[in-house]
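Readers should treat all values here as calculations from the given coordinates under stated rules, not as data from a laboratory. Everything quoted here is computed from the prediction, not taken from an experiment. Glycine also receives a Cβ, built like all others from the backbone with ideal geometry; neighbour counts cover every protein chain displayed.
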Amino acid sequence: MRTLFLSLGIGLVSGVLCFFLSVAFLIFVLLIVGALGHSRPDMTLTYRVAAPVALLAAISGFTITLVRRVQRSWGRK
């Protein structure tokens with residue numbers, strides 16, 4: 001049970017961190033593209049793109065942690 005909660009916590013933290021890092025990176029990208037194109041980009045696009053990226057990071061963090069902890073408890077290395 002401890003492994004499950006640890007995996008959930010790591011998945012949640014990795015999803016949140018990835019969301020905010022994705023938003024920050026995409027804001028800079030849109031600002032540069034907007035400056036080069038002399039236009040005002042839609043900044044809500046950052047949230048629409050960062051949400052699936054964060055979801056994928058959360059699922060990946062959960063799965064990787066769970067598999068590695070279970071393998072370690074079974075004696076595999």
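Entry remark, the range 6-60: residues being surrounded by 13 or more Cβ atoms within 10 Å (Cβ to Cβ) and not in a helix (DSSP H, G or I) number 2 in total. For the range 1-25, residues that are more than 13 Å from the chain's Cα centre (by Cα) and of a type in the set (A, V, I, L, M) total 4. Pairs meeting the criteria (first residue in the range 56-77 and among the aliphatic types (A, V, I, L, M), second residue loosely packed, with under 14 Cβ neighbours inside 10 Å and assigned to a helix (DSSP H, G or I), beta carbons under 7 Å, at least 6 apart or on different chains) are ALA58/LEU12.
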